[in-house]
Structures are given as C-alpha cells and as structure tokens.
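Taking it in order: structure first as structure tokens, then the write-up.
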Amino acid sequence: MFVIYFKYMLNRIFFFVFFICCFESHAQSLVYKSNGNIKDTEGKSISPDKIRLLLANNEKLLKEYNAGRSKKTVGNILFYGGIGLVAGDLVREAFTTKSSYGYNEERTYPSVMTYLGVASFLVSIPVKIGFSKKIKNVVTDYNQQKSIGSNQPNYKEIDFISNSNGIGFRLSLN
C-alpha cells in the first residue's frame, strides 16, 4: 500500500517539477547582438515581428524599439547611399573622356556628388550608433521588467513538508 502511494506521490512531484521547469523556460530573457539582432538565451534569432509581439504589453518599450528600427533603416540608407554616390562619381570620372566635356570645360573630380556622398556617410555614423543604443536599452528594460515584473512569482521559500495526509511542497510567496 505504501509503495503504491509513494509511486503516486513521486509521479505528482515529477509533474510539478516539470511544470515549474516549463514555466521558467518560457520566461527567458533577451540578448542583444550586433547590428540590431536580438536572440533568446538559447542563441536563436528572434524576428522583429516576434519582438513587437513580446513588447505589445509595454507601449513605451514598443515605441522605443520601433524608433530604433526606423533609425537603423535611415542609417543604412544614408550609409550605403553615401558610398554609392562616391563610387558613382568615381566611376563617372573614370569612364568619361575629355571630348565629352567639350573644349572649354575642365574636369573637376571631386564633384558635388562626392561631397554629398561623404556628408551622407558621415551623418550615418551617429545615426547607426543611436539605433543600437535604443535597441540595447529596450532589451535591458525588458529583461529587468521580466525579472522584477508582476507576471513572475517571487519565490521566497520552498519547503518540503510531510504530515499524516501525505508529503508535498509548500511555496511561501511575498
């Protein structure tokens, strides 16, 4: 009789521990990687759409994340656009002949295209730095919210108890 009851209680304890482990694995934190990529604690990349779903409950973090992603897009456009303008002006200058300018025109190699490209490239640097700081702040705030938020129980004490009715665990919360 005792053996059957012991197996029954062991089975219940196993499922209780399994449930707690599943609950804790669901509450994983986020990790910021370079270039605005966010991964979970297992190293799997999380798409921006899934990040937006995770942040849907916190409007402030969602707004800051979207601003960071917008800054990333603008920074990439300025960065690659600047490189393209400089390269385009260089190619234009390399493949044009003196006869295409006419007799009285002089070739001026760094043209306005080059200056605009360099300016665009230089402006993109602080923009790209700013987006990574915004996304890092979102990840940090999200992880802090998950660790001290109201949706996570704060286990003060876990006791193993036994009495005439059986054995079990007692969770003492705040």
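Structure notes:
- Cβ-Cβ FRET estimate between N137 and K44, R0 fixed at 30 Å, reported to 0.05: 0.85
- Rounded to 0.05, the FRET efficiency of the V123 and A94 pair, given R0 = 22 Å and the Cβ-Cβ distance, is 0.25.
- Modelled this way, with points 7 Å down the Cα-to-C-beta line, the labels at K63 and S111 are 4.5 nm from one another.
- Once the chain from A87 to S29 is taken as fully extended at 0.36 nm per residue, the excess over their C-alpha distance is 16.6 nm.
- Cross-link reach list, lysines versus K136, counting only Cα pairs under 22 Å and skipping chain neighbours closer than eight places: K33, K39, K44, K50, K60, K63, K71, K72, K128, K146
- Proximal lysines to K7, defined as alpha-carbon separation beneath 18 angstrom and excluding residues fewer than eight positions away on the same chain: none
No lab work stands behind these numbers, since they all come straight from the coordinates. Just so you know, these numbers come straight off a predicted model, no measurement behind them. Every residue, glycine among them, receives a Cβ derived from its backbone with ideal geometry; neighbour counts consider all protein chains shown.
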